[in-house]
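Sharing a structure with you now.
The values are calculated or read from the model by the stated rules, or taken from the named source; none is laboratory data. No experiment lies behind these values; they were computed from the predicted model shown. Cβ sites come from the backbone with ideal geometry, for glycine too, and all protein chains shown count toward neighbours. Accessible surface is based on the protein model in full, side chains and every heavy atom, while ligands, DNA and RNA are left aside. Shrake-Rupley method; radii C 1.70, N 1.55, O 1.52, S 1.80 Å.
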Amino acid sequence: MSNFDWLVLAGTLILIVGYGTWRTRKAGASLDNYLLGGRNTRWWGVGLSIIATQASAITFLSTPGQAYADGMRFIQFYFGLPVAMVLISIVAVPIYQRLRVYTAYEYLQTRFDGRTRTLAAGLFLLQRGLSNGLSLYAPALVLSAVLGWSPAVTVCLLGTLIIAYTVSGGTRAVTITQQWQVAVIFSGMAAAGYLLVRYLPPQIGFTDALHVAGRLGKLNLVDFSFSWTDRYNFWTGMTGGLFLALSYFGTDQSQVQRYLSGQSVTQSRLGLLMNGLVKVPMQFGILLIGVLLFVFYLFQPAPLTFNRPVYEEVMRGPAAAEARQLEQQHRTLQLAQQAATTSLAAAQRAQNPVAEAAAQQRLQTTQAARAGIQRQWLALIKRTNPTADDKAIEAKGKDTDYVFISFVLKYLPRGLVGLLVAVVLSAAMSSAAGGLNSLGSTSVVDIYRPALKGRIRSEEQLVKTSRWLTVGWGVLGIGFALFAARMENLIQAVNILGSLFYGTILGIFAVAFFQKHVHGRAVFGAAVVTQVLTLLAFWLTDIAYLWYNILGCFAVMGIAEVWQRTGPPDSRSEREGEPTDYPLVEARS
Amino acid sequence: MLHPVSPADSDHSPPGLPSWRAWYTLVLAALAAEIGFFVWLSRALGA
């Protein structure tokens, strides 16, 4: 990166964080102010905060690469999201807002009992506490590969910055910084997309590029055929995607806190609905950049792999001579690919179906040869790493996370490179800050405060505790990211573990909302049984993780229903419907 | 009481559209239109 890029990058990040911290320098006198920004956020602030919390750095690094390699079918994963936004707006928002809760789990005490609340909050803290640090580690790893930065230093710097403004200004600081981070993300991605089209050869326009991508199967946006093993089709998007979105937006405090900070039911609902309107087009735009990258590299020399460290490793190893030969074959193939693509675009413009079919055939042949070269490349990685297992070799051969950032660094003008790296870091910071903020809130509201068992603490003391707990979670996240850096399997385990909890938590909330006659003992027992069954099923079967959201949710609902009908009477049943009544802090007017 | 019930909200009459039902219909209709566009794009330009 040039000095000017460094200036743009540092300037962007410092301005955003500095502004957010300065605007919220007086925050924190009360729990309402510190945990929910004074419940004063307008709908667009709520909506932007929801978008920023979900969009991690990997969204902008991996998603274009995924479209580059696999086409646009990933978009189907988001089809259930707008439906979930509508359902949460109808069912959850009025209840959360009416009870004036700080966290989603606080509602479970009102509806069931303390232990059900602690169980749900504990599952959330375990999952989010471990995974939050990893959301910084993933981009740090990619940036270390392409820019040579130390992942440990990147994680520590970003982590410290996030802890500083999240602790200082609470939810309001997170929301304000997220609004500017989203502005940087959208403008950076729009500039990259525009320049990508400009950089195509003069004879290839935007529609020509789409035609070529379509002919090579990259515009596979909707697939109505169903398969249990295929994650990306219309039906899995509308079922698995729907339940995942219901779990994430309806019960995960990192998102619930965003709309609890809304000024009213109206502002919270509009924020969620804004996300429902924006998310699918936004993902479409990011995937479209990936498809345009694919067409761009049909004309420009693409490296054998975009993963530079793996390339250098092979070139230094025993398979270096074969790798150089393979690289030569790859270059020759690219020339053939470029000629075939130009012919295809010309035939399409001339509306000559015979020439079009011939050019398409030639292009498909080059694509098949390219796939063959990729297989040979994997074999060379294996020869370089003879003791590595197949999964590790596959991971080293995968370069989709590096495609977009490599294009940015090689082709974009000075200044814009700095802005696009700021996009990646802004995305990392916005999602990690949302997570950290929710960890601090949940630990103080759902674990620390109930543990006081009636010993009154002032709001100032609780805010102070929340600040220290936020620092603690931040340091734990940084430590875990640095530790996980040495254990690839641990990262996968954490990601999988989190997805195995969602179904159970969603089931608890579904019972709370829809099975009014079911009480605390039944739902708690059902949740514990379901979680054990989920872990067993994961261990013993090959069910894709996406389905655990649905199965877990229905299992909790079904078991709780049977338990309620057949189990002993629940003393809690007499108190159903009472507002939260434990003496926690001084009453507020 | 710790959590006072929020004051009467204006959620019965949302801004921009006559009712919440209209807002929900708008979001779902937008999704349907997007899926329709994607199907068209897949079929018109697909392999």
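Pick from A:T116, A:T41: which is more than 10 Å from every other protein chain (Cβ to nearest Cβ) and touching a Leu at 6+ places or on another chain (Cβ under 9 Å)? Break it down stepwise before answering.
Values: A:T41 fails: touching a Leu at 6+ places or on another chain (Cβ under 9 Å).
Unique residue meeting the criteria: A:T116.
In the range A:528-561, how many residues are surrounded by 15 or more Cβ atoms within 10 Å (Cβ to Cβ) and assigned to a loop (DSSP other than H, G, I, E, B)?
The number of residues fulfilling the criteria is 1.
Looking at (1) more than 16 Å from A:F514 (Cβ to Cβ); (2) touching a His at 6+ places or on another chain (Cβ under 9 Å); (3) of a type in the set (A, V, I, L, M, F, W, C), can you tell me which one A:F112 breaks?
Here A:F112 meets the rest and fails (1).
Does A:A357 count as farther than 19 Å from A:Y402 by Cβ, more than 35 Å from the chain's Cα centre (by Cα) and small (G, A, S)? Steps first, please.
On the way: farther than 19 Å from A:Y402 by Cβ: yes; more than 35 Å from the chain's Cα centre (by Cα): yes; small (G, A, S): yes.
The answer is yes for A:A357.
Just to check your reading of the model, which residue among B:P18, B:P4, B:P14 is modelled with pLDDT of 70 or more and either open to solvent by less than 30 Å² (accessible area, probe 1.4 Å) or facing chain A (nearest Cβ under 7 Å) (or both)?
Numbers: B:P18 fails: either open to solvent by less than 30 Å² (accessible area, probe 1.4 Å) or facing chain A (nearest Cβ under 7 Å) (or both); B:P4 fails: modelled with pLDDT of 70 or more.
Result: B:P14 is the single residue among B:P18, B:P4, B:P14 that is modelled with pLDDT of 70 or more and either open to solvent by less than 30 Å² (accessible area, probe 1.4 Å) or facing chain A (nearest Cβ under 7 Å) (or both).
Same structure again: Which condition breaks for A:V91 when tested against (1) open to solvent by 10 Å² or more (accessible area, probe 1.4 Å); (2) within 13 Å of chain B (Cβ to nearest Cβ); (3) closer than 24 Å to A:A432 by Cα?
Of (1) open to solvent by 10 Å² or more (accessible area, probe 1.4 Å); (2) within 13 Å of chain B (Cβ to nearest Cβ); (3) closer than 24 Å to A:A432 by Cα, only one is false for A:V91: (3).
Further, regarding this structure: Taking the conditions exactly as written (open to solvent by 30 Å² or more (accessible area, probe 1.4 Å), within 16 Å of A:G434 (Cβ to Cβ) and among the aliphatic types (A, V, I, L, M)), does A:L147 satisfy them or not?
Numbers: open to solvent by 30 Å² or more (accessible area, probe 1.4 Å): yes; within 16 Å of A:G434 (Cβ to Cβ): no; among the aliphatic types (A, V, I, L, M): yes.
No; evaluated as a whole, the condition is false for this residue.
Being within 14 Å of another protein chain (Cβ to nearest Cβ) and among the small types (G, A, S) is the filter here, so list the residues in the range A:53-88 that pass it.
Within the range A:53-88, A:A67, A:G71, A:G80, A:A84 meet the criteria.
Just one of the numbered conditions (1) under 13 Å from A:F480 (Cα atoms); (2) in contact with a Phe, Trp or Tyr (Cβ under 9 Å, 6 or more places away or on another chain) is not true of A:V142; which one?
The one condition A:V142 does not meet is (1).
Could you grab me the full set of residues in the range A:219-242 that are at pLDDT 85 or above and within 25 Å of A:A209 (Cβ to Cβ)?
Listed by number, the residues that qualify are A:L219, A:N220, A:L221, A:V222, A:D223.
Another one. Taking into account only those residues within the range A:2-36 that are farther than 20 Å from A:V184 by Cβ and aliphatic (A, V, I, L, M), which is surrounded by the fewest Cβ atoms within 10 Å (Cβ to Cβ)?
My answer is A:A29.
Checking A:T387 against (1) among the hydroxyl-bearing types (S, T, Y); (2) in the same structural domain as A:A140 (by TED's automatic domain parsing); (3) open to solvent by 40 Å² or more (accessible area, probe 1.4 Å): exactly one of these is not met. Which one?
(2)
Please indicate, with yes or no, whether at least one residue in the range A:499-517 is assigned to a helix (DSSP H, G or I), modelled with pLDDT under 90 and open to solvent by 30 Å² or more (accessible area, probe 1.4 Å).
Within the range A:499-517, none of the residues are assigned to a helix (DSSP H, G or I), modelled with pLDDT under 90 and open to solvent by 30 Å² or more (accessible area, probe 1.4 Å).
Open to solvent by 20 Å² or more (accessible area, probe 1.4 Å) and of a type in the set (V, I, T): which single residue out of A:T118, A:T154, A:T166 fits that description? Steps first, answer last, please.
Details: A:T154 fails: open to solvent by 20 Å² or more (accessible area, probe 1.4 Å); A:T166 fails: open to solvent by 20 Å² or more (accessible area, probe 1.4 Å).
Being open to solvent by 20 Å² or more (accessible area, probe 1.4 Å) and of a type in the set (V, I, T) holds for just one of A:T118, A:T154, A:T166, which is A:T118.
Here's another thing I want to ask about it. Looking at A:V403, is it in the same structural domain as A:V155 (by TED's automatic domain parsing) and not in a loop (DSSP other than H, G, I, E, B)?
Working: in the same structural domain as A:V155 (by TED's automatic domain parsing): no; not in a loop (DSSP other than H, G, I, E, B): yes.
Here the answer is no, as A:V403 does not meet what is asked.
Is there a residue being at pLDDT below 90, among the aliphatic types (A, V, I, L, M) and more than 18 Å from A:A104 (Cβ to Cβ) anywhere in the range A:567-586? Please lay out each step first, then the result.
First, the residues of the range A:567-586 that are at pLDDT below 90: A:567-586.
Those still in the list that are among the aliphatic types (A, V, I, L, M) too: A:584-585.
Filter again for more than 18 Å from A:A104 (Cβ to Cβ), leaving A:585.
Yes - at least one qualifying residue is present in the range A:567-586.
Take the conditions touching a helix residue (DSSP H, G or I) at 6+ places or on another chain (Cβ under 8 Å) and at pLDDT 90 or above and apply them to A:A69. Does it pass?
On the way: touching a helix residue (DSSP H, G or I) at 6+ places or on another chain (Cβ under 8 Å): yes; at pLDDT 90 or above: no.
In short, no.
Here's a follow-up. Within the range A:194-223, how many residues turn out to be within 25 Å of the chain's Cα centre (by Cα), facing chain B (nearest Cβ under 9 Å) and open to solvent by 40 Å² or more (accessible area, probe 1.4 Å)? Spell out the reasoning first.
Just the residues of the range A:194-223 that are within 25 Å of the chain's Cα centre (by Cα), to begin with: A:194, A:196, A:218-223.
So of that shortlist, the ones also facing chain B (nearest Cβ under 9 Å) come out as A:218-223.
Now drop any that are not open to solvent by 40 Å² or more (accessible area, probe 1.4 Å), which leaves A:220, A:223.
Count: 2.
Quick check: anything in the range A:167-180 farther than 30 Å from A:N33 by Cβ and under 17 Å from the mean Cα position of the chain (by Cα)? Working first, answer last.
Kept after step one, since they are farther than 30 Å from A:N33 by Cβ, are these residues of the range A:167-180: none.
Looking for residues that are farther than 30 Å from A:N33 by Cβ and under 17 Å from the mean Cα position of the chain (by Cα), one finds none in the range A:167-180, hence no.
Consider the range A:234-247. How many of its residues are more than 9 Å from chain B (Cβ to nearest Cβ), over 12 Å from A:S89 (Cα atoms) and buried (at least 20 other Cβ atoms within 10 Å of the Cβ)? Show your work before the answer.
Of all residues in the range A:234-247, those more than 9 Å from chain B (Cβ to nearest Cβ) come to A:235-247.
Going one step further and asking which of them are over 12 Å from A:S89 (Cα atoms), we end up with A:235-245, A:247.
If we keep only those that are buried (at least 20 other Cβ atoms within 10 Å of the Cβ) too, we end up with A:236-237, A:240-245, A:247.
Residues flagged as more than 9 Å from chain B (Cβ to nearest Cβ), over 12 Å from A:S89 (Cα atoms) and buried (at least 20 other Cβ atoms within 10 Å of the Cβ) within the range A:234-247 amount to 9.
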